[in-house]
Amino acid sequence: MKFEIIKYSNATKTQWSGGLTAQLYIKPDNYTVKDDFDIRISVASINPGENDFTFYRGYERILVILKGSIEISSKNSKFENLKEFKIHEFSGNDSTKSKALQISEDFNVIYKKNKYNIEAKIIDNKEFEEIEIFRDNYIYNYDGISEIKFENQDIVLKSKELLLLRELDEKKCSIKGKVILIKVIKR
């Protein structure tokens, strides 16, 4: 079992056409978005206006609006309003545009669709809840303090921290707080 906490302050931050992105994690280590990476987790600010999402052939994307509101259009379809804390999945192959009416923030997972299946879940618990997990998991704390218990470990996550849980033997953990759980299954 391996675990690591990644702080937002240590994330690699870069400007993009619509705001600022903070890369919390990329696999393999030391890769960039220009490399043939497997998984990338980031949070981004989105300035008001219309923007194009970066094209990622062969990848799937998971997007969760953390603050604000955006509309999204894939494959030149009608714009759809994305609500805060709802999971939106779409192909990186598609031409995708967004419109933000206000400064917004999102959580992003980009992964190779031929290599992984990924399940995302929003958790907002005032008490501990036992959750099924997989061998590899990523837990992003989006607000306040969250607690995670697994394999005789008690972890406290602060706002905007990402917990990497890898090579787990147990199939359950207990979570209290406001997190986004990403469960990774290799194909």
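In debye, nearest 20, what is the charge dipole magnitude of the chain about its Cα centre with +1 on Lys and Arg Cβ and -1 on Asp and Glu Cβ, if you could check? Walk me through the numbers before you get to the answer.
Working: 32 positive and 30 negative charges, 85 e Å.
Magnitude of the dipole: close to 400 debye.
For Lys126, the aspartates and glutamates whose Cα falls under 18 Å of its own Cα, not counting residues fewer than eight places away in the same chain, are Asp143, Glu147, Asp154. Remark: for residue pairs Lys113/Lys178; Lys2/Lys75; Lys78/Lys176; Lys99/Lys178, the C-alpha separation exceeds 31 Å in Lys2/Lys75; Lys78/Lys176.
The GNM of the chain, with springs linking C-alpha atoms under 10 angstrom apart, assigns the highest mean-square fluctuation among Tyr116, Tyr138, Tyr59 to Tyr116. Computed on the chain, with alpha-carbon pairs under 8 angstrom and 6+ residues apart, the relative contact order is 23 percent.
Among the listed values [x] 9, 38, 37, 15, 1; [y] 9, 31, 30, 19, 10, 1; [z] 9, 35, 34, 17, 5, 0, the one computed from these coordinates for P(r) over Cα pairs in 10 Å bins from 0, in percent is [x]. For Ile131, nonlocal amide neighbours, meaning residues 5 or more places apart or on other chains whose placed amide H falls under 5 Å from its own, are Cys173, Ser174, Ile175.
Quick note: the coordinates plus some simple rules give every number you see, no bench work behind them. In this text, all values refer to a predicted model and were calculated from it rather than measured experimentally. Ideal geometry is used to build each Cβ from the backbone, glycine not excepted, and the neighbour counts take in all protein chains shown.
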